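Written below as structure tokens is the structure these notes are about.
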Amino acid sequence: MPKVTVDGQEIEVPQGATVLQACELAGKEIPRFCYHERLSIAGNCRMCLVEVKPGPPKPQASCALPVAEGQEIRTDTPMVKAAREGVMEFLLINHPLDCPICDQGGECDLQDQAVAYGRGGSRYDENKRAVTEKYMGPLIKTVMTRCIHCTRCVRFSEEVAGVDEIGALYRGEDMQITTYLERAAAHELSANVIDLCPVGALTSRPYAFEARPWELKKTLSIDVSDAVGANIRLDSRGRAVMRALPRVNDDVNEEWLSDKGRYMVDGLGKRRLDKVFMRKRGGLAESTWDEAFKAIAKQLKGKGKSAIAAVAGDMVDCETMFAAKALLGACGSTLLEGRQTGMDYDVGNLAAVNFNSTLAGIENADAILIVGSHVRWEAPLINTRLRKAAKRGAKVFLIGPEWETTYPATFLGRDLAVLNKLPKEVTEAFKAAQRPAIIVGGAALKRAHARALALASEWGADFNVLHFSAARMGGLMLGFAQRQGMKDIVAAKPKVLLMLGADEMNFEPFADALKVYIGHHGDKGAHAADIVLPAASFAEKDGTYVNTEGRVQYAEKAVFAPGDAREDWTILRALADSLGVSVGFDSFAQLQAAMIAEVPALGVEGLANYGALPKPDAKAKAEGMIESYPIKDFYLTNPIARASAVMQQCSAELLHGDDIREAAE
């Protein structure tokens, strides 16, 4: 490891590090606009200038200069100060002075660095350059006159998202960043360029002119739009969530967030259930908590309290599921299910339904077989990890209907029977691989799970199951599953069915049951229910979530629920009193303690240990065709997203090609 001196301080740095990284290791702040830790080095903003000896007597760009043994690096000389002032002066030559109306104001790198490293005034008297605005879709607002050509957005689109939609046209003063045909950036991670943009050239269109950063309360939360469990920050003002931003977590989402996780939050304030409703004379009419609870108790009276079942939706926290389990247990029922769409795969061993490679670990795989998963829609942040693996040389094979990957991949058809006798190309690649991995998605979990397990054992490959529901692994840890899934619930013919935010299930088999919907949006579940009890969304309660790799994470309460809506566990606790049973907790702390006592892994943040994989059945066969994937529309997969005007617009414009008309039309 080479030794260098930074401002008189000698330090040892890793081989291959840059001068900028060496300065940061020494605790020195180096200004930058184009450099980003997760993107390739461009070296085109020149803000990170330092003085290096031995070397030419001039400032050098530290981001693009590798360290060498014995270098003397100075970040504080008059030459460096003057050079940075000069660069800043050039950057501001054409930048419009519109900070008061710019959405980047208050969190703008250009503002901060102009104050810290710029001159006190400008010497430029000529006319400023102007650039026409570019249309980048319903999520990204552009003011390209502000652009300083750092090319972060270009590099992100090409290197991370794998979609070459943003690039540069022309040269020199005429250079412009644009989508080549000025059409929307149509991929699931497009809005991350907003976070990357160091100026106000790319800002959030839905959030435009809504709030300033210092007005907002910031709350640490978890994205529940898929099973990745991306770490997010919810910014709220009053009782409204204004925006969701990604937090850095290298093990989960790095610092990216899917467009759905970022923008569905405007649906939190629309189509909300804020009053109790009961079905009377064929329609839902406003009611009271007391009347609703009495109706539920009456339905169970004389038939035995055990005639009650609970089905959990895709975004339910562990505490809500445990409260429901405690309520049903006190009533003598074990009719719990979280796989609302009818999946019935074996859950006897949780390691067999877990993403065992871990999200970060899948990057190191050198041969990957994906069975029945549209990864780009089911988990776009895992797709970026697979792209990294492919860039490092991994061979990727897929079984299922074709979809547009962002990396070289070979589709083996829709027939799962191909797993029984794989092409020579596949078997040779896996036998030669050092770190092979198999990923099984929702479309193949029942029919190909056993065969995929056998192949993983044969090849010594990591076995992974990719879920697409934020509540799935937490529910399985809590025992929210029947042997035959929803079939067992239907066969039991419950008199009362508690639907905990379950909007995707088939309601027809429960025509004779009293259907009680405990949820936050007037979606499919509320329309099918006989009683609607308004509950809190993920942003309105504390909760524990477990992602698809078995990582336990906690989300904090950002805002209060609207109207008469209550946190789910309080509704279930009050219902227990009406039914005359005891659930063993009276506060959230007691509930959480009881849950952790039953499932200790839920009390430890981080990866849960599910033990070893089960012994595979070497004779297992896969059969059947994969006609389609579970997710039909990436932007409208849950009730919050379906209530979101932004997600509806994205679905119409980006997936279905609808032209969004202006009001005058």
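The values are calculated or read from the model by the stated rules, or taken from the named source; none is laboratory data. Just so you know, these numbers come straight off a predicted model, no measurement behind them. Here the Cβ is made from the backbone with ideal geometry for all residues, glycine too, and neighbour counts use every protein chain on show. All accessible areas refer to the heavy atoms of the entire protein, side chains included, with ligands and DNA or RNA removed. Shrake-Rupley method; radii C 1.70, N 1.55, O 1.52, S 1.80 Å.
When Rg and Dmax are taken over the Cα atoms of region 361-503, they come to 17.1, 56 Å. Under Stokes-Einstein, with the Kirkwood radius over Cα pairs standing in for Rh, what whole-number D in µm²/s applies to region 592-639 at 37 °C and 0.692 mPa s? In µm²/s, the coefficient rounds to 205. Under the convention that each Lys and Arg Cβ holds +1 and each Asp and Glu Cβ holds -1, the size of the dipole of the chain around its Cα centre is about 1340 debye.
Axis angle, to the nearest 10 degrees, between helix 78-93 and the longest C-alpha principal axis of the chain: 70 degrees. Each 5 Å bin from zero holds the following percent of Cα-Cα pairs in region 27-95: 3, 17, 26, 25, 19, 8, 2, 1, 0. The residues of region 260-393 expose on average 34 square angstrom of accessible surface per residue, using a 1.4 Å probe on protein heavy atoms.
Here is the list for region 36-107: GluC sites (Glu not before Pro) lying in DSSP coil, each with at most 10 other C-beta atoms within 10 angstrom of its C-beta, are GLU37, GLU69. For LYS391, give me every one of the aspartates and glutamates with a C-alpha distance below 13 angstrom, ignoring sequence neighbours fewer than eight places off in its own chain. Answer for LYS391, where 13 Å is the Cα cut-off: GLU158, GLU159, GLU363, ASP366, listed by chain and number.
Projecting the alpha carbon convex hull of region 182-310 along each direction and taking the average yields 13.3 nm². Measure up LYS275/LYS493; LYS446/LYS541; LYS28/LYS217; LYS260/LYS395; LYS141/LYS632 against 32 Å on the Cα-Cα distance and list the ones that go over. Exceeds cut-off: LYS446/LYS541. Across the chain, Cα pairs under 8 Å and at least six residues apart give a relative contact order of 14 percent. The fraction of Cα-Cα pairs per 10 angstrom bin, counted from 0 for region 50-126, comes to 16, 39, 28, 14, 3 percent, rounded to whole percents. Solvent-accessible surface of region 1-148, taken per residue with a 1.4 Å probe and all protein chains present: 50 Å².
With contacts taken as Cα pairs under 8 Å and at least 6 residues apart, region 1-137 reaches a relative contact order of 22 percent.
Protein heavy-atom accessible surface, 1.4 Å probe, per residue over region 579-638: 58 Å².
Pairwise Cα distances in region 489-594 exceed 17 Å in 62 percent of cases. Simple rule: put +1 on each Lys or Arg Cβ and -1 on each Asp or Glu Cβ in the chain, find the dipole, and look at SER582, CYS45, THR341; the Cα lying farthest toward the positive end is SER582. The C-alpha atoms of region 543-665 occupy a region whose extents along the principal axes are 60, 57, 31 Å, arranged from largest to smallest.
Its Kirkwood hydrodynamic radius, worked out from the mean inverse distance over all distinct Cα pairs, puts region 108-165 at 14.3 Å.
Calculate log10 I(q)/I(0) of region 299-420 for q = 0.14 Å⁻¹, where I(q) comes from the Debye formula with a single equal point scatterer on each Cα and nothing for solvent. These q points yield log10 I(q)/I(0) values of -0.78.
Taking other residues whose beta carbon is less than 13 angstrom from the beta carbon of PHE33, and scoring Lys, Arg as +1 and Asp, Glu as -1, yields +4. Counting every pair of alpha carbons in region 116-266, the share spaced more than 20 Å apart comes to 54 percent. The computed volume of the Cα convex hull per residue in Å³ for the structure shown corresponds, within [x] 213; [y] 140; [z] 185, to [z]. Rg ratio for region 93-205: its Cα radius of gyration over 2.2 N^0.38 Å, N being its residue count, equals 1.08.
Would you work out what percent of the accessible area of region 122-241, with all protein chains in place, is carbon or sulfur (probe 1.4 Å)? Walk me through the numbers before you get to the answer.
Values: 2440 of 5050 Å².
Accessible surface attributable to carbon and sulfur in region 122-241 totals 48 percent.
Give me D for region 146-191 in µm² s⁻¹, whole number, from Stokes-Einstein with Rh from the Kirkwood sum over alpha-carbon pairs, 4 °C and 1.567 mPa s. This corresponds to a translational diffusion coefficient of 118 µm²/s.
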